[in-house]
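Okay, so here's the structure we're looking at.
The values are calculated or read from the model by the stated rules, or taken from the named source; none is laboratory data. None of the values given here were measured: they were computed from a predicted structure. Counting neighbours? That spans all protein chains shown, and the Cβs are built from the backbone with ideal geometry, glycine included. Each accessible area value is taken on the protein alone, full model and side chains, heavy atoms only, with ligands, DNA and RNA left out. Shrake-Rupley method; radii C 1.70, N 1.55, O 1.52, S 1.80 Å.
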Amino acid sequence: MDILAKLPNPVSSELRFPFLDLQAEYATMKTDIWSAVDQVLDSQRFIMGPQVSQLETEISALVGCKFAVACASGSDALLLSLMALEIGDGDEVITTPFTFVATAGSISRLKARPVFVDIDPATYNLNAKQLESAITNRTKAIIPVHLFGLPAAMEPISQIAHVHGIPIIEDAAQSIGARYSDSQGQTRSVGNIGDFGCFSFFPSKNLGGSGDGGLITTNNPAYAERLAVLRDHGSRKKYEYDLLGMNSRLDSLQAAILLVKLKHLNTFTKARQRNAERYRKLFAQADLNRWVGLPHVPTGAEHVYNQYVIRAEERDQLRNHLRASGIPAEIYYPFPLHLQPAFEYLNHRAGAFPQAEVACRHVLALPIFPCMTEEQQKMVAVTDFFQQKG
Ligand SMILES: *Cc1c(COP(=O)(O)O)cnc(C)c1O
């Protein structure tokens, strides 16, 4: 089935502002970034310079983990974590079909089998109630994704994983800084709940670099050591290779830029949360709540809004209407992974994971970038689309 042929037609029209205004963010820290870059260029230490270990130290402190290992991308962070667990041919790894391709792709790349569990439609995250029945004696890891910036239901997921002795790799690519409190009132940052926390510095993530980058957090010294070796060709001593590794280092230049941006992360996260609150009020005032489902944040979870995702049955008409009025809106994700050609070999049919499939038809991401103004948000929320229908 050629699902790509069904991609909704984008309406082309001049946008009144971008979906994600990275230029506005850059303007607030341009001088600092230039001087950080200048320092690296002066030193000419482009590979594993001191900025890389400093970034590892600062992010492990932010997440609350003992160790952090920087690498070339969020995708590699997932791959390296699976490699550190020696996952391969014949193994199964449980994850969600409603996520970015890299989550399941990293599993398949190692010849292990992604085993999907449907999502909870209220949070779009892996449905912990369906987790246990997906576990077999071949299950070697579980990868919950903290999608859009909202922590997955880590308490029930961790309980089940613990009973079966299965390690957890958190896909925290979209959720740096998000916190999760369990029923005992213990609060932890994502990336510090499972055995590994995988982060991405892709430019559109909440801590975005000037190119690709990633990082893994862990509290286990043996895992940390193995990750550091695996990202550098598997070598502990120069030209001696104990493990089959890869070249997945983070550039010193990226680390230097990320160190500058990290200083602003908390402010920008708060701005995203303020914008989410503004949307909630604007939607309520315009009486649009009966047409659209706003993001649900369960008790104990903190949302950092990498994406602000609403749902509407008439999603495609709404998107077209917004686009025709010059308002950007994007679909994350238009298709679930189990129906993608790349995963056809898993032999899933439409209907296998119904909540993920419905979400793909109904979700719409509205702009929520930190520098967004209230005027811009009003342009989005007070659309006449629903009034016409009302
Ligand atoms: C962005 C992302 C990744 C991959 O990160 P890259 O740095 O782009 O390789 C993995 N999982 C999720 C959920 C993501 O959003």
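I'm checking my understanding of the structure. Among residues of the stretch 176-191 that are open to solvent by 20 Å² or more (accessible area, probe 1.4 Å) and not in a strand (DSSP E or B), which one is farthest from Gln159 (Cα to Cα)? Going through the qualifying residues, I end up with Gly177.
Filtering the stretch 136-161 to residues that are assigned to a helix (DSSP H, G or I), open to solvent by 10 Å² or more (accessible area, probe 1.4 Å) and in contact with a helix residue (DSSP H, G or I) (Cβ under 9 Å, 6 or more places away or on another chain) leaves Glu155, Pro156, Gln159, Ile160. The test for being within 16 Å of the ligand (Cβ to nearest atom), of a type in the set (Ser, Thr, Tyr), surrounded by 21 or more Cβ atoms within 10 Å (Cβ to Cβ) and over 30 Å from Arg311 (Cα atoms) holds for Ser81. Residue pairs whose Cβ atoms lie under 6 Å apart, sitting 6 or more positions apart in sequence or on different chains, and linking a residue in the stretch 163-175 that is open to solvent by less than 30 Å² (accessible area, probe 1.4 Å) to a partner that is among the charged types (D, E, K, R) and more than 11 Å from the ligand (Cβ to nearest atom), are Pro167/Asp195; Ile168/Asp195. The helices (runs of 4 or more DSSP H) falling completely within the stretch 282-390 that include 1 or more residues that are among the β-branched types (Val, Ile, Thr) and open to solvent by 30 Å² or more (accessible area, probe 1.4 Å) map to 354-362. Looking only at residues of the stretch 208-241 that are open to solvent by less than 20 Å² (accessible area, probe 1.4 Å), within 11 Å of the ligand (Cβ to nearest atom) and not in a strand (DSSP E or B), we find that the one that is nearest to Val37 (Cα to Cα) is Gly209.
Out of all the residues in the stretch 189-207, which are under 13 Å from Glu170 (Cβ atoms), among the hydroxyl-bearing types (Ser, Thr, Tyr) and within 11 Å of the ligand (Cβ to nearest atom)? Once the filter is applied, which keeps residues that are under 13 Å from Glu170 (Cβ atoms), among the hydroxyl-bearing types (Ser, Thr, Tyr) and within 11 Å of the ligand (Cβ to nearest atom), the stretch 189-207 yields only Ser200. Comparison of Ser73, Ser35 shows that the only residue that is without any contact (Cβ under 8 Å) to a residue 60 or more places away in the chain, open to solvent by less than 70 Å² (accessible area, probe 1.4 Å) and closer than 18 Å to Ser210 by Cβ is Ser35.
Can we say Ser133 is of a type in the set (Ser, Thr, Tyr), outside the structural domain of Leu364 (by TED's automatic domain parsing) and loosely packed, with under 15 Cβ neighbours inside 10 Å? When the stated conditions are applied, Ser133 passes them. Selection over the stretch 227-276 of residues that are more than 22 Å from Asp212 (Cα to Cα) and among the hydroxyl-bearing types (Ser, Thr, Tyr) gives a count of 4.
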